[in-house]
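What follows is a set of notes on a single structure, which appears directly below.
The values are calculated or read from the model by the stated rules, or taken from the named source; none is laboratory data. Just so it is clear, the structure is predicted and the values come from calculations on it, not from any experiment. For neighbour counting, all protein chains shown are included, and Cβ atoms are generated from backbone atoms with ideal geometry for every residue, glycine included. Accessible surface areas use protein heavy atoms only, side chains included; no ligands, DNA or RNA. Shrake-Rupley method; radii C 1.70, N 1.55, O 1.52, S 1.80 Å.
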Amino acid sequence: MRCLICHESMTVPWTPATLWRRDWVCPSCESKLTPLGTGCPRCGQPNETGETCPDCIRWLALGLDLTVRCLYAYDDAGIDWLHRFKFSGDVVIASSVAPALRALRSSGVTYVPVPLSKERLQTRRFNQAEVLARCIGPTRQLLEKTEVSSQRELGKEGRRHRTNPFTVPTSVKCGKIILVDDVYTTGTTLHQAAFSLRQAGASEVSAICLFRALNKSKSRPI
C-alpha cells in the first residue's frame, strides 16, 4: 500500500475493518500538518499576543463581524495536502482530517458548505467544502454562487473588492449556521457568504476552515 500524498510504501494492518480501505495517508504525512496556535480570535492568523489581526479590524470597521475557526496553517505541508485533495481529486484523504473536524461538531447547528458555481462544479466534479462539511455533520446547501471566475485569477485586493457572488434562494429559518470552507485567505468569501445568509434571515453565522493562509505563505493556487 502506498500513501496517497507522498506515494511512499507503508505497512497496513490487514483486518476485516481495513480490507477495503483505499484512503491511506501515512503517519509521517498526517503529522506534517501544522495545527494553529496562538493567534487572532476571529480568523486564526498566527500572532504572539492573541489579539485581533489588522484584517479582521478592517472587516469590523465595515460592520462585518464573523468568527472563523481555522484548524491548520496553510504552509508547505498544507499546500501539498490541499492540492492533492482539491485539484488531484483524491477526496478520500479527507479521512485523515475527519477526526479533527468531527471534534468541532455542535448540537443545534446547521452546517453550510461554501458552494461552487455550476460551471466550476461541472469541471471539478465535487465541492471540496461539502466533503469537509460532511466530516463534521449533516449539511444543508442554503447558498448559490452566481459567478464563475476563479479566485486563482484574482490578487489579494481583487478578492477583497469583488462583487458578492452569493445568493440565498429562500428565506433562512434555521438558528445557528456554521459555514465550512477549505482555506481562509482574505476572508472575503466567508464574509460575503455570511452577509447573504444574514440578509436572508439567519440569526447567527460563524465559520470553520480547514486551513488559514499565512502572510508569508508561498503564492500557489487555492
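Worth pointing out:
- Matching residues in the stretch 135-148 - criterion: being in contact (Cβ under 8 Å) with a residue 40 or more places away in the chain and either exposed (fewer than 14 other Cβ atoms within 10 Å of the Cβ) or among the polar types (S, T, N, Q) (or both): 139
- Every residue from the stretch 59-77 that is in contact with a Leu (Cβ under 9 Å, 6 or more places away or on another chain) and either among the aliphatic types (A, V, I, L, M) or loosely packed, with under 15 Cβ neighbours inside 10 Å (or both): 66, 68, 71, 73, 77
- Residue in the stretch 191-207 that is of a type outside the set (A, V, I, L, M, F, W, C), touching a Phe, Trp or Tyr at 6+ places or on another chain (Cβ under 9 Å) and open to solvent by less than 20 Å² (accessible area, probe 1.4 Å) present: yes
- The residue of the stretch 11-46 that is modelled with the lowest pLDDT, among those that are among the aromatic types (Phe, Trp, Tyr) and open to solvent by 60 Å² or more (accessible area, probe 1.4 Å), is 20.
- Looking only at residues of the stretch 49-89 that are in contact (Cβ under 8 Å) with a residue 40 or more places away in the chain and β-branched (Val, Ile, Thr), we find that the one that is farthest from residue 180 (Cα to Cα) is 79.
- Hey, residue 114 of a type outside the set (Gly, Ala, Ser) and farther than 25 Å from residue 197 by Cβ or not: no
- Qualifying residues in the stretch 84-97 (those that are closer than 20 Å to residue 71 by Cα and out of contact with any Leu (no Cβ under 8 Å at 6 or more places or on another chain)) - the one surrounded by the most Cβ atoms within 10 Å (Cβ to Cβ): 85
- Boolean, residue 80 is open to solvent by 70 Å² or more (accessible area, probe 1.4 Å) and assigned to a loop (DSSP other than H, G, I, E, B): no
- Total residues in the stretch 83-111, condition part of a loop (DSSP other than H, G, I, E, B) and closer than 30 Å to residue 204 by Cβ: 7
- Sub-7 Å Cβ pairs linking a first residue in the stretch 173-202 that is at positive phi to a second residue that is open to solvent by 20 Å² or more (accessible area, probe 1.4 Å) and small (Gly, Ala, Ser), at least 6 apart or interchain, are 201/171, ordered by first then second residue.
- Residue count, the stretch 98-134 (criterion: open to solvent by less than 20 Å² (accessible area, probe 1.4 Å), touching a helix residue (DSSP H, G or I) at 6+ places or on another chain (Cβ under 7 Å), farther than 19 Å from residue 169 by Cα and not polar (S, T, N, Q)): 3
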